Amino acid sequence: MKLYFTNEHDYPVNLLHFLQKENNVSRRLITKLKRQPMGITCDGKLIRTIDDVPSMAQVVLDITDETEIIPNSELNVPIVFENDSLVVFNKPQGMPVHPSLNHYYDTLGNYFSYLYPGITFRPVNRLDRNTSGLVVVAKNQHSAGKLQRAVKKVYYAVVCGRPEKTTGVIDAPIKRQEESLITRCVASDGQRAVTNYSLISSCGKYSYVRILLETGRTHQIRVHFSYIGNALAGDDLYGGNCEDIQGQALHCGEISFPGEKKDEIIHLSSSPGENINYLFEKYNFTEI
């Protein structure tokens, strides 16, 4: 894949300034392309970062990728949105994002490699295997850099019982639990973690909540709701009730991010996943 940038000024601009300041190309990508034959060209000729880009000249970045993830054409994950820079999937519950020792061929990465051969898999937001919802995947390193910390997410969850407050803020530091590579816990010497929530509906046994994160710690939502005594339904790792479902009832239901046009913001949404829908069908949730 190649990216094209035109100097629309009526005067020359230094290449490094033109790429970094005017087009948000990361220094890391520029350094990588400088080492690559014809990685950065201007009107078909090699250009250095100390050179100027003439007025109306076109700079081309050759950002061809190599993928190491085995493609799997038998998978099927809905695509919610796509342009030249990124694709947004609606990941089902139970599907990992990245391949691992126990999930080598059944992940979102495997499906992405089938759809886009030769392009490196770069998910901008990562969801746990049993968390369903929207996942943004950048199609190149430049897009990944632009989207880093620019994707806004809203989560929805079914928690056990009913939180004491209709709206609340959980501000409790989180760290990895001793002697565990996976489990996290609230601890005074952990990293600050802040979760905002609002109660949508409840059936008594469970409640449906909307969640906004101010920080992005591993398992933050699951740890925080367990900490206040309302663990996520189906979350056996953090003490959730597993009588009705297996796997945490958590869904990334809304995202927004900058579009390709100036000042454009893309807003996307998706309906709750399979485990949350099952609880809605089984129990009578009353709106708060």
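Suppose we keep just the DSSP beta bridges with both residues in the chain; what percent of those would be antiparallel, to 5? Working shown, then result.
Values: 59 of 61 bridges.
Around 95 percent antiparallel, to the nearest 5.
Quick one: of Lys175/Lys282; Lys45/Lys152; Lys21/Lys152; Lys32/Lys175, which pairs are farther than 28 Å apart, Cα to Cα?
Values: Lys175/Lys282 35 Å; Lys45/Lys152 39 Å; Lys21/Lys152 23 Å; Lys32/Lys175 34 Å.
Distance filter (> 28 Å) returns Lys175/Lys282; Lys45/Lys152; Lys32/Lys175.
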Checklist entry - Taking the highest mean first, how do the peptides 270-280, 189-199 order by number of other beta carbon atoms within 10 angstrom per residue? => result 270-280, 189-199
Item to check | Relative contact order (%) - the chain, alpha-carbon pairs under 8 angstrom, separation at least six | outcome: 15 percent
Checklist entry - Out of Asp62, Asp106, Asp51, any idea which swings most in a Gaussian network model of the chain, alpha carbons joined below 10 Å? => result Asp51
Checklist outcome for this item: Sequence order, segment 166-177: Karplus ³J(HN,Hα) from phi using 6.51 cos²θ - 1.76 cosθ + 1.60, θ = phi - 60°, Hz rounded, Gly and Pro as x, gives 5, 10, x, 10, 9, 10, 8, x, 10, 9, 6, 5
Item to check | Peptides ranked, highest mean first, by Cβ atoms within 10 Å: ranges 31-42, 115-126 | outcome: 115-126, 31-42
Item to check | Cα pair distances of the chain binned at 5 Å [whole percent] | outcome: 1, 5, 11, 13, 14, 14, 12, 10, 7, 5, 4, 2, 1, 0
Item to check | Fluctuation leader among Ser132, Ser256, Ser188 - the chain, Gaussian network, Cα springs under 10 angstrom | outcome: Ser188
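State, as an integer percentage, the relative contact order of segment 213-288 based on alpha-carbon contacts under 8 Å between residues 6 or more apart. Numbers along the way, then the final one.
Values: 86 pairs, mean separation 12.8, N = 76.
Relative contact order, segment 213-288: 17 percent.
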Checklist entry - Which far-off residues, 5 or more places away or on another chain, put their amide H under 5 Å from the one on Ile288, with H placed in the peptide plane? => result Ser201, Ser202
Next on the checklist: What is the percent carbon and sulfur in the accessible area of segment 142-218, measuring with a 1.4 Å probe over the protein chains and ignoring ligands?
Outcome noted: 44 percent
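The values are calculated or read from the model by the stated rules, or taken from the named source; none is laboratory data. Source: prediction; values computed, not measured. When we count neighbours, we look across all protein chains shown, and the Cβ atoms used for this are built from the backbone with ideal geometry, even at glycine. Just so you know, the surface numbers come from the protein's heavy atoms only, side chains and all, with ligands and any DNA or RNA stripped out. Shrake-Rupley method; radii C 1.70, N 1.55, O 1.52, S 1.80 Å.
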